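Encoded as structure tokens, the structure appears first; notes follow it.
All of the numbers you see were taken from the coordinates with simple rules; none came from a lab. Model, not experiment: these values are computed from the prediction. Here the Cβ positions follow ideal geometry from the backbone for every residue, glycine too, while neighbour counts run over all protein chains shown.
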Amino acid sequence: MTVYFDHAATNFIDQDVIDFLAKELVNNNYNPAARYTSGIEAAFSIERSVSKIASTLGAKTEEVIITSGATESINTALKGIVFAPNPKHKRILSSSGEHPATTETLKFIEKQLGYTIDYCPLNNQGVVELNQLEEFLIAHDYDLLTLIQVNNVLGSVNPVEKIVKLRNQLRPNLPIHLDAVQSLAKIPFDFENLGIQLASFSLHKIGGPKGSGILLKSEDTRIEPLIHGGGQQNNLRSGTENPAFVATMAYVLEKMQRDFSRNNSHVVELKQHLISQLEQARINYQIISPQDAVPQIVSICFPELRAETLLNILNKEQIEVSIGSACSSKKSERNQVLKQLNLLNNLDQYVIRISLDKNNTKTEINNLVKNVKIALDKYAV
Ligand code: PLP
């Protein structure tokens, strides 16, 4: 059976979620815009589900926009701010630790709309350098600050509270968007407490179906919709809503919240077990993820074996890990986040990402370490 260590790329859908979704698809499949009883009930169902979604994320019901995934949410947030009739500085501040969903959108905004994009560098812990961020904020007026919260390659966590404080002191009107895709189920998330204006999520990262995402937008933030049509979701995202899907999103989020502590303790134990097994096997390794990274994402370098070779060897044994980040289709490119850590001797090409989850076991970790050891004994240079 396949041993899966790539939960940051996508997560399994638990059987209870599949059962819930199947039941909803049978019983809750009307068009919520229809004026007859079944349609009105579908609209009520969406209202109830959205209210549950809002409450698990510390947001208000009116702040939730259902999307097809984080890529759409991020596009809507970034282009939505740019196209909205707000005062314009034609400048956006981001970081050099972002996912392609952000960087490629920013490139579009730069090329097509003449914006200037500033990228705050990361420090050696894989988070934005606060002094530099401060300098950018002092030097320029921006339309938006957009940052990843939990880095998908390293698991490092940007200090969002400090960043919001800086923004409040220096540029109180500057909206902040967070790519919070890797935050859910890994760190607590509370939209209102954070004091940010926009946040993007993908539910398949926490056991929901692919094609389900969320954009949170504070009530006082104006964005132009990306998708025009029948005016659903307060005109912010047109297209017939899927009440069964939205109900399942609420179900998955509530389950995530209920099991948060138990699942996190389990993953902390797994990470410790991984390290102790690597030590016991006397393997030459270096953990690249910073010490205070979320335990679910462990980037490890084996300096004697290229990551791509190791991935292929493990894959033959039905053990699935990733190189840096599997979220990009441009597999041959060097990973931008790892590149910035300035590892000696191009060691970034020797880094694999192991991403753990509640369903992984210590036996699976033993299996992984055993096979890494075999690979190193055979192919290490
Ligand atoms: N942002 C981060 C940090 C991610 O890890 C991903 C995952 O692929 C995305 C954005 C894009 O999410 P999706 O592909 O589900 O739209």
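Send over the semi-axes of segment 1-135's equivalent ellipsoid, whole angstrom and largest first, taken as the square roots of 5 times the C-alpha gyration tensor eigenvalues. Present the calculation step by step, with values, prior to reporting the outcome.
On the way: eigenvalues 266, 111, 39 Å².
Rounded to whole Å, the semi-axes are 36, 24, 14.
Cβ neighbours within 10 Å, averaged per peptide: list 38-45, 185-192, 5-12, 347-354 in order, most packed at the top.
Averaged packing, sorted descending, gives the order 347-354, 5-12, 185-192, 38-45.
Which lysines have a Cα less than 21 Å from the Cα of residue 111, not counting those fewer than 8 places away in the same chain?
By straight Cα distance, residue 111 reaches 79, 88, 90, 330.
Report the Cα centroid-to-centroid distance between segment 255-310 and segment 171-245 in angstrom, as an integer.
That distance is 29 Å.
Let me know the whole percent of all Cα-Cα pairs from segment 111-185 that are separated by more than 21 Å.
27
Among 205, 217, 111, which one moves the most in a GNM of the chain with springs linking Cα atoms closer than 10 Å?
Maximum among the listed residues: 111.
Among DSSP beta bridges lying fully in the chain, give the percent that are antiparallel, nearest 5. Before the final figure, lay out the partial values.
Details: 19 of 36 bridges.
For the chain, the DSSP antiparallel bridge percentage is about 55.
From the phi angles alone, apply the Karplus equation (6.51, -1.76, 1.60; θ = phi - 60°) to segment 74-80 and give each ³J(HN,Hα) in whole Hz, x where the residue is Gly or Pro.
Listing the rounded values in order: 5, 4, 5, 5, 6, 5, x Hz.
Give a residue-ordered list of calculated ³J(HN,Hα) values for segment 58-71 (Karplus: 6.51 cos²θ - 1.76 cosθ + 1.60, θ = phi - 60°; whole Hz; x for Gly, Pro).
Taking θ as phi minus 60°, the curve returns x, 10, 8, 3, 5, 8, 9, 10, 7, 10, 8, x, 5, 4 Hz for segment 58-71.
Tally Lys/Arg at +1 and Asp/Glu at -1 over every other residue whose Cβ is under 12 Å from the Cβ of residue 169; what's the total?
With Lys, Arg at +1 and Asp, Glu at -1, the net is +3.
Over segment 217-334, how many percent of alpha carbon pairs lie in each 5 Å bin up to the one with the longest distance?
2, 8, 10, 14, 14, 11, 12, 11, 8, 6, 3, 1, 0
Give me the aspartates and glutamates in straight-line cross-link reach of residue 162: C-alpha distance below 17 Å, same-chain residues under 8 apart excluded.
Hits, sequence-local ones excluded: 129, 134, 135, 179, 190, 192, 292.
How do the peptides 135-148, 281-294 rank, highest first, by the average count of neighbouring beta carbon atoms within 10 Å per residue?
Most protected by this proxy first, the peptides run 135-148, 281-294.
Along each principal axis of its Cα atoms, how long is segment 15-255 end to end? Whole angstroms, biggest number first, please.
57, 36, 29
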